[in-house]
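Contents: one structure, followed by commentary.
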Amino acid sequence: MPAVIVENLEKEFRRFRRREGLAGAFKDLFQRDYEVLRAVDGVSFSIERGERIGYIGPNGAGKSTTIKMLTGILTPSGGRIESLGLSPHKQRKQYVRRIGVVFGQRTQLWWDLAVVESFKLLLQIYEVEKRAGEARLAKLRELLALDEFLHIPVRKLSLGQRMRADLAASLLHGPELLFLDEPTIGLDLVAKDAIRALLKRVNDEFGTTILLTTHDLRDIEALAERVMVIDGGKIVWDGRLEALRDEAGEEATAEIELLEPAALPELQRLLPQVRFEQENPLHLRARFSKRAIPAAELLSRLVGALQVADIALPEPSIEEVIRRIYEKAGKSAMVAAQKQGVAR
Amino acid sequence: MNPVRALHLPAYAGFFVGQFHKMLAYRTRYVTGIISYLVYVTTYYFLWKAVFSRRAPDDAIAGFSGAQMATYVAIGWIARSFYFNNVDRELAEQVQNGSIAVALSRPVSLQGTIVASTLGEGLFRFLFFTLPISVVIFLLFPVAPPASALHAAAFLLSNVLALAILTQLNFLVGLCAFPLKNIDGVMRAKHYLIELLSGLLIPVAMFPGWLQSLSAWLPFQAISYLPSSLWLGHARAGAEWLGGDATLIGRVLLVQAAWVAALAALGAFCWGLAARRLSVQGG
C-alpha cells in the first residue's frame, strides 16, 4: 500500500479585491468583493515508501500549498489525502509525530539557544524515548557533521550550517516521511551539494520517504528518482527522472562554428529534419531529434556541406525539458482561460 | 492510561523550558523595564496621594484609605510585571510572516504550546523582573504587608490564574489575525480595555455603579482587581457578589479558574474556526 494517497486535492483561497479610486474604497467598506483563487486544482498522485520525489513548478504553481496540506497545516477545500493511514489535518497531532518537515526559509530551532539545546527540547516535545533519542542524535551528529557547531546559538550559524541543523531537527524523532520546502534556497554551491548528499544518505540509511520542492533543477538531478511538475494548480508531468532525461536526450542541439558564412535556406533544404537558428553569420545552432537523425549522421553531413571550424554537442539538460513542459502547460492554461472567458 | 502521558505534559514542558531559555537570552532588556515600572508606580502613587491629600487619614474613598491605595497601586503594578505577555502580537506576527507553519508542524496543540510558553515566560519574569521590582518598590514606597500568610500564598496563586486569563484573552485577540491579518487596532483596544477594566489604574470599587455591575460579568477584573483584593484581605466594593471576607480566598480563586476554563474553551472553538480558513503567507 502506498505511503501517501492524494485524490483530487483542491485548495481555494479567498482574496479580497479592492475597488479602484476613492468611491471604490468607500464602497469596499460596506461590500467586499472577493475573488476565489484555486492554488491547487484537482491534484492526484500516490507515493510509495522510500521514494525520493522532486516536486517542481514555477512560482505560485501550488507547490507549497500542496506541501502544507500534506503536512496537515492547511485544510484542503476538496479531495482527499491519506498519509500513513491518517488524515493529515484531521489527525494533525498524531500524524506530524511521524513526519518531518523542513521549511528552507524558516527555522524550527530556537533562535537564541545552542543547537544541542534545541535538539534536546525537540526530543522532549516529540516524546522520544531517552535511549532511542540519544542514539538517533549520535547517528545524526555523525551523518550531518554537526559537532562543529553543536554548542553555538542558532542565530550565529551560517545558512548552510543552519540548514544541516534544521535537517537534523526534522529527523530526530525518526519520521517515516520527510517533506522539504525549498531546502537549498539561498545556499552556496558547496552547501547545496552537501545537503543533497545528506538527503540521499538519510534516504539510504533510514529508508525515509522524501518529497522536496525546489527551484534548482540540479537538486532534482542529484536527488530525485521521480519528478512531479505542477503548474496552475495541476500536475502537468509525473514520472521517473530517467524518462525526463530521455525526453531531454532526444531533443539535442549542436553548436556549429563556421569559417565562412553559410547559406541558411540551402542548408535547411538539405536537412529538413533539423531546425537551424543563426546566432551570427559564423555561428549556427541546430536543433534536432535523435530519432529523426542520429547525431553522427548530422555531423558528417554538416562537415560535408559547410566550412566547419568547430562543432559542440552540449549535454542535453532537463532544464530545457522542464521549460517546455511549463510552456506547454502555460499554453493549455491560457487556452482554458480563454474558453472560460467565452463561456462567461 | 497515565494522565501525564495522555496530556503530553512532557511535550508541553519542552515549550515551557524553551521559552524560559529564550527570555534568559534577552535578560538585559529587562533592566530598563525595571525603571519604567518604577516610573508607573511613582506616577500613580503621587496621583493618588494628591487625591487623598485633603482628607483625614481614615476618610476612605469607596472603601480605600490613602494608605491602602498606596499599597494597591504598588501591588497592582508589581503583579503586572509578572502576568503581562505579548501572546497576541507574537501570534499575529507568526500568522503574518508565515512561521505559524512551523508551530503547526509539531505534535501539540497551538493553544497548549502558548500556555506552556507563557508559564515559562512567567517564571522568568518572576525571578528576573518581578522580584527586583518588588525590592525597589518595597524600599521606596509604603507598602503594607499581606493580610496573612494564607492571603499571601493565595495572592501568588491568584496571579498565576491572572496570567492564564490574560494569556487566553491574548490568544483570542491573536486569533483575529487569521481573518484580519493586521490586528494593531484590536490589540490597542484590548490594551486600554484591560488597563481600565482590570482595575489596574482605578479600583473597580470606584467605577460608577453600572460599570461595576457590568465588570462582574467580564473577565477583566479577575486579572488585577481580584488578586489585589487578596493581598489587602478584604472583599471590596464592586465585588460584593464574592461574599464576605471569610470566604474571599476560595471564591476569588474559583471565579478566576472558571474564567480560565471558559476562555480556554472559547479559544479552542475559535481556533477550530481559524485553522479551517488558515492561509499561510509567503512561500
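What follows draws every value from the coordinates through simple rules; no lab data is involved. Only a predicted model underlies this, so the values are computations on that prediction, with no experimental measurement involved. Quick reminder, even Gly has a Cβ in these numbers, built from the backbone with ideal geometry, and neighbours come from all protein chains shown.
General observations
- Helix A:159-171 axis, angle to chain A major axis (alpha carbon atoms, nearest 10°): 60 degrees
- Label zone (A:S44, point 7 Å along Cα-to-C-beta; backbone nitrogen cut-off 20 Å) within segment A:1-32: A:1-12.
- Percentage relative contact order, segment A:4-232, counting C-alpha pairs under 8 Å, at least six apart: 28 percent
- Residue-averaged beta-carbon neighbours from other chains (10 angstrom radius) around A:70-76: 4
- Backbone N under 20 Å from the A:Y34 label point (7 Å along Cα→Cβ), restricted to segment B:176-215: B:176-183
- Rg and Dmax over the alpha-carbon atoms of chain B stand at 19.7, 67 Å.
- Across segment A:147-215, the volume of the C-alpha convex hull divided among the residues equals 94 Å³ per residue.
- Ranked by how many other beta carbons lie within 10 Å on average, peptides A:165-173, A:300-308 from highest: A:165-173, A:300-308
- Whole-Hz ³J(HN,Hα) from phi, Karplus 6.51 cos²θ - 1.76 cosθ + 1.60, for segment A:132-137, glycine and proline x: 4, x, 5, 4, 4, 4
- Estimated [θ] at 222 nm from DSSP helical runs (n ≥ 4, -39500 (n - 2.57)) normalised by residues in chain A, nearest 500: -12500 deg cm²/dmol
- Dipole of chain A computed with +1 at Lys/Arg Cβ and -1 at Asp/Glu Cβ about the Cα centre; of A:G160, A:L313, A:L241, farthest Cα towards the positive end is A:G160.
- Taking packing as the residue-averaged number of other Cβ atoms within 10 angstrom, the listed peptides B:51-59, A:42-50 run from highest to lowest as A:42-50, B:51-59.
- Mean shadow area of the protein assembly as shown, taken as a quarter of the surface of its Cα convex hull (nm²): 39.6 nm²
- Total charge dipole magnitude, the protein assembly as shown, about the Cα centre, Cβ charges on Lys, Arg, Asp, Glu only, Debye to nearest 20: 1860 debye
- Only helical runs count toward this figure. For chain B, summing -39,500 (n - 2.57) over DSSP H runs of n ≥ 4 and dividing by all residues gives -22000 deg cm²/dmol at 222 nm.
- Span from the segment B:12-34 Cα centroid across to the segment B:99-123 one, whole angstrom: 14 Å
- Pairs beyond 29 Å (Cα-Cα), from A:K11/B:K190; A:K120/A:K234; A:K63/A:K328; A:K63/A:K130; A:K130/B:K181: A:K11/B:K190; A:K120/A:K234; A:K63/A:K130; A:K130/B:K181
- Using only side-chain charges placed at the Cβ, +1 for Lys and Arg and -1 for Asp and Glu, the dipole size of segment A:1-93 relative to its Cα centre rounds to 380 debye.
- Label-to-label distance, nm, for residues given as A:K200 and A:K328 (7 Å Cα→Cβ offset): 2.8 nm
- Those lysines that a straight Cα-Cα span of less than 18 Å connects to A:K192, excepting residues fewer than 8 apart in one chain: A:K200
- Cα-based equivalent ellipsoid, segment A:83-126: semi-axes from gyration tensor eigenvalues, Å: 24, 13, 7
- Relative intensity, log₁₀ I(q)/I(0), of segment B:1-72 from a Debye sum that treats every alpha carbon as a point, q = 0.13, 0.23 Å⁻¹: -0.66, -0.98
- Remark on chain A: Rg and Dmax equal 25.3, 77 Å (Cα only).
- Cα long-axis angle, helix A:295-305 against chain A (0 to 90 degrees, to the nearest 10): 30 degrees
- Extent of segment B:108-199 along its three principal axes (Cα atoms, max minus min coordinate, largest first): 47, 31, 22 Å.
- Considering segment A:126-271 at the alpha-carbon level, its Rg and Dmax are found to be 21.9, 77 Å.
- Net charge dipole size for segment B:7-276 [Lys, Arg +1 and Asp, Glu -1 on Cβ; Debye, nearest 20]: 400 debye
- R0 of 60 Å, Cβ-Cβ distance B:L254-A:A23: FRET efficiency to nearest 0.05: 0.60
- Rounded D (µm²/s) - segment B:22-115, Kirkwood Rh over Cα pairs, Stokes-Einstein at 4 °C, 1.567 mPa s: 77 µm²/s
- 3J(HN,Hα) along segment B:118-124, derived from phi through the Karplus expression 6.51 cos²θ - 1.76 cosθ + 1.60 where θ = phi - 60°, amounts to 5, 5, x, 5, x, 4, 4 Hz, with x in place of Gly and Pro.
- Of the residues B:L47, A:L121, B:G209, the one whose Cα sits farthest towards the positive end of the charge dipole of the protein assembly as shown is B:G209 (charges of +1 on Lys and Arg Cβ, -1 on Asp and Glu Cβ, taken about the Cα centre).
- Phi-based couplings in Hz for segment A:195-200 (Karplus 6.51, -1.76, 1.60; Gly and Pro marked x): 4, 4, 4, 5, 4, 5
- Selection from A:G62, B:Y26, B:V186, by position along the positive dipole direction of the protein assembly as shown (Cβ): B:V186
- Built amide H within the under 5 Å cut-off of A:V40, gap 5+: A:K11
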